[in-house]
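See structure below.
The values are calculated or read from the model by the stated rules, or taken from the named source; none is laboratory data. As the structure is a prediction and not an experimental result, all values here were calculated from the model. Glycine also receives a Cβ, built like all others from the backbone with ideal geometry; neighbour counts cover every protein chain displayed.
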């Protein structure tokens, strides 16, 4: 079964708006990662947040982590058409450091 | 530029045929991974390797095989035993796991495999 599940499955917004997507996971983790995938391409790492961190920023990206609720959110501010992609969260299954389990992703469409 | 190269970009398999997908990296990473992605789905781990000459099964290893004879290369063979091989296959790598807990994974641009 999936360790991480993203919500919503799909999101459509206009350019300039903010986009928020959520990830829930099942077991204790030492970190959570967010990735972006453009259509037909490989995944690109965006942010890694450790279990002792509550919030992390990178440019227009803001990630929060709530370990008590086993959830994380990715906020993209002032969205651009180029942000159109699928976004995945990934966590180490059962605390292992050797691999990641990916969620099913949120498909973001940013229109002009 | 350092990166991961997957080839070919598109591959077609006939019934009963084995096909091999190539993955090469020049990032000097120890760990390498193979994932399968079905349309609209997330990634599922097929095999992974933390060091040369060693690899472990992932969640969906049946019908697949791998080798890790060189640090730079981690080819994936889709055997005839894999009855539903049509998917997008992604290769990834990370620095040594022992020294860095869950480093970000670097991905290639994938191989799309279809059945003829």
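So in the range A:71-104, with the set limited to residues that are part of a loop (DSSP other than H, G, I, E, B) and modelled with pLDDT under 95, which one is farthest from the other protein chains (Cβ to nearest Cβ)? Spell out the reasoning first.
Residues of the range A:71-104 that are part of a loop (DSSP other than H, G, I, E, B), as a first pass: A:77-80, A:84, A:92, A:96-100, A:103-104.
Now narrow it down to the ones that are modelled with pLDDT under 95: A:92, A:96-100, A:103-104.
Numbers: A:92: 5, A:96: 9, A:97: 5, A:98: 5, A:99: 6, A:100: 7, A:103: 5, A:104: 4 Å.
For the range A:71-104, the residue satisfying everything is A:96.
For residue A:18, state whether it is surrounded by fewer than 20 Cβ atoms within 10 Å (Cβ to Cβ) and touching a strand residue (DSSP E or B) at 6+ places or on another chain (Cβ under 8 Å).
Here the answer is yes, as residue A:18 does meet what is asked.
Can you tell me which residue within the range A:24-60, out of those that are more than 13 Å from residue A:74 (Cα to Cα), free of Cβ contacts under 8 Å to residues at least 12 places away in the same chain and more than 14 Å from the chain's Cα centre (by Cα), is surrounded by the most Cβ atoms within 10 Å (Cβ to Cβ)?
Of everything passing the filter in the range A:24-60, A:42 is surrounded by the most Cβ atoms within 10 Å (Cβ to Cβ).
Restricting to strands (runs of 3 or more DSSP E) lying wholly in the range B:33-116: which have 1 or more residues that are crowded, with 18+ Cβ neighbours inside 10 Å, within 11 Å of chain A (Cβ to nearest Cβ) and in contact (Cβ under 8 Å) with a residue 40 or more places away in the chain? Before the answer, list the steps.
Working: elements: B:43-51, B:54-57, B:64-66, B:76-78, B:87-94, B:111-115.
Output list reads B:43-51, B:87-94, B:111-115.
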